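**Q** For reference, the structure I am asking about is given below.
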Amino acid sequence: MSVEAKQLETLNDKNTIVIIPDVQLEHKVVMEWLKQNAPKTLKEGRVFTELDTNTLTRGTSIMAVFHDPDYNLVEYVTNNAGNTVHVPRKQAELKDEIIVTQPVKLDDSNWALDPDRPMRATRPNTNKFLNQLNATLMPKRMEYCDKGEKKPSLMKLEPM
């Protein structure tokens, strides 16, 4: 997958939060890709494996970076003993399989406004925002990882 210059520009913008998978091998591959292509995101601490919806602010953009699940991260080979083992593929092969989603910006269209208290801080319209975000994430999705809480707010990037 080729990443457009505009996507890289938005990825490096200080108002963009980058969500990546926390699965070990995929996490490592994505972190290497970010080091090479968007080091500013790492330097500024804007890369997360979890998204806390309670900390989102208006004007923030959310993007995800992950490895295309249609391609294996490992190759299966037979060793000298005749056993099949998996060997991680080389980073150079994997870099073209990275997916960078289009940004979803938290603006007035997906923000819950409170007409009774205009001076009070408001919060994102979570349902609308998540629908927009999940539409860009296919074949992955954001899913709450703190489902037992009264008001879940932590989300992770998960396969469909």
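**Q** Let me know the Rg and Dmax you get for the chain when you use only its Cα atoms, in Å.
**A** 18.1, 72
**Q** Between region 139-160 and region 24-86, what is the separation of their alpha carbon centroids in Å?
**A** About 17 Å separates the Cα centre of region 139-160 from the one of region 24-86.
**Q** Which value, in debye to the nearest 20, gives the size of the charge dipole of region 1-131 about its Cα centre, when Lys and Arg are +1 and Asp and Glu are -1 at the Cβ?
**A** Result for region 1-131 is approximately 460 debye, rounded to the nearest 20.
**Q** For residue 135, what charge total do you get from the other residues with a beta carbon under 13 Å from its beta carbon, if Lys and Arg give +1 and Asp and Glu give -1?
**A** +3
**Q** Going through the cross-link list 35/105; 90/128; 28/128; 35/90, which pairs have a Cα-Cα distance over 27 Å in this structure?
**A** Beyond 27 Å: 90/128; 28/128.
**Q** Please compute the modelled spin-label separation between residue 28 and residue 79, points set 7 Å along Cα→Cβ, answer in nm with one decimal.
**A** 1.6 nm
**Q** Hey, another quick one. Could you pull out the longest piece of the chain with no exposed loop trypsin sites (Lys or Arg not before Pro) in it, calling a site exposed if DSSP puts it outside H, G, I, E, B and it has at most 12 other Cβ atoms within 10 Å?
**A** In short, 15-89.
**Q** If you don't mind, there's one more thing I want to ask. By how many degrees, between 0 and 90 and to the nearest 10, does the Cα long axis of helix 24-37 differ from the longest principal axis of the chain?
**A** Approximately 80 degrees, to the nearest 10.
Each reported figure results from applying straightforward, stated rules to the coordinates on display, with no laboratory input. Owing to the predicted nature of the structure, the values given are computational and were not obtained by experimental measurement. Glycine also receives a Cβ, built like all others from the backbone with ideal geometry; neighbour counts cover every protein chain displayed.
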